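Below is one structure; the comments refer to it alone.
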Amino acid sequence: MNLKTIIAGTILASSITSAQAADYVIDTGHAFINFRIQHLGYSWLEGRFNEFSGQFSYDAEQPEASKIAVTIKTPSIDSNHAERDKHLRGDDFLAVKAFPEAKFVSSSFTPASDGSAVLSGNLTLHGVTKTIDIQVSKVGEGKDPWGGYRAGFSGTAQLNLKDFDINYNLGPASESVYLDLNIEGVRQ
């Protein structure tokens, strides 16, 4: 082998490595899945899901190849009010005994020129699977103080409750719920 062949092979190997998406595990200590819904059209009720897990792949050079899968433990819903949480876990809303998990699996990631993107995929909630779009923006990425590498994204999705067979009548101002997602992952 001559020096040119070795150099060419090294350059080719490094370009192949850099073109591959990195895999991340969601750091649930630094990630949040929050929700908000209007209360009678007068104010916002906010809460979150305390237990979830997932992973994603991301490559800044090929963001369109990004993908994510998240599982949410629906009994972990927390609106900071015990009686309301009991109602939300019941059959009028999440029916957590029958549907203890919600899942999202992406199908496409479409970047825009302004740095935002649309993440599309299938959300399974309350036993119903629907395609949803999440408006996403990258928060940042880089080395952390513990020798790892992290990437973070935020996003918002609007869900119509009736699309997921949640038909409890809260009035017209409360037909949609908004999911506010802040996801940070540690590269594996």
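The values are calculated or read from the model by the stated rules, or taken from the named source; none is laboratory data. Since we're looking at a predicted model, the values are computed, not measured. Cβ placement follows ideal geometry from the backbone for every residue including glycine, while neighbour counts extend to all protein chains displayed.
For the reader, a short list of remarks on this structure follows.
- Within the range 12-37, the set of residues being among the polar types (S, T, N, Q) and modelled with pLDDT under 95 comprises Ser14, Ser15, Thr17, Ser18, Gln20.
- Residues that are at pLDDT 95 or above and of a type in the set (A, V, I, L, M) were ranked within the range 93-114; the one that is nearest to the chain's Cα centre (by Cα) is Val105.
- If only residues of the range 92-117 that are hydrophobic (A, V, I, L, M, F, W, C) and out of contact with any Lys or Arg (no Cβ under 9 Å at 6 or more places or on another chain) are counted, the one that is surrounded by the most Cβ atoms within 10 Å (Cβ to Cβ) is Phe104.
Yes/no per residue for (1) in contact with a Phe, Trp or Tyr (Cβ under 9 Å, 6 or more places away or on another chain); (2) assigned to a strand (DSSP E or B):
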residue	(1), (2)
Val139	yes, yes
Gly152	no, yes
Thr156	yes, yes
Leu170	no, no
Ala173	yes, no
Tyr178	yes, yes
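Conditions tested, residue by residue: (1) touching a strand residue (DSSP E or B) at 6+ places or on another chain (Cβ under 8 Å); (2) under 16 Å from Ile183 (Cβ atoms).
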residue: Ser57; (1), (2): yes, yes
residue: Val70; (1), (2): yes, yes
residue: Lys86; (1), (2): no, no
residue: Pro111; (1), (2): yes, no
residue: Thr124; (1), (2): yes, no
residue: Glu141; (1), (2): yes, yes
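- Sub-9 Å Cβ pairs linking a first residue in the range 58-75 that is at negative phi and touching a residue at least 24 places away in the same chain (Cβ under 8 Å) to a second residue that is assigned to a loop (DSSP other than H, G, I, E, B) and of a type in the set (Val, Ile, Thr), at least 6 apart or interchain, are Lys73/Val96; Thr74/Val96; Pro75/Val96, ordered by first then second residue.
- Residue in the range 58-67 that is in contact with a His (Cβ under 8 Å, 6 or more places away or on another chain) and modelled with pLDDT of 95 or more present: no
- Looking across the range 119-138, the residues that are farther than 17 Å from Ser57 by Cβ and among the hydrophobic types (A, V, I, L, M, F, W, C) come down to Leu123, Leu125, Val128, Ile132.
- Restricting the range 72-91 to residues that are among the small types (Gly, Ala, Ser) and assigned to a loop (DSSP other than H, G, I, E, B), the residue that is surrounded by the most Cβ atoms within 10 Å (Cβ to Cβ): Ser79
- Considering the range 24-71, the qualifying strands (runs of 3 or more DSSP E), each wholly inside and each with 1 or more residues that are closer than 29 Å to Trp146 by Cα and hydroxyl-bearing (Ser, Thr, Tyr), run over 52-58.
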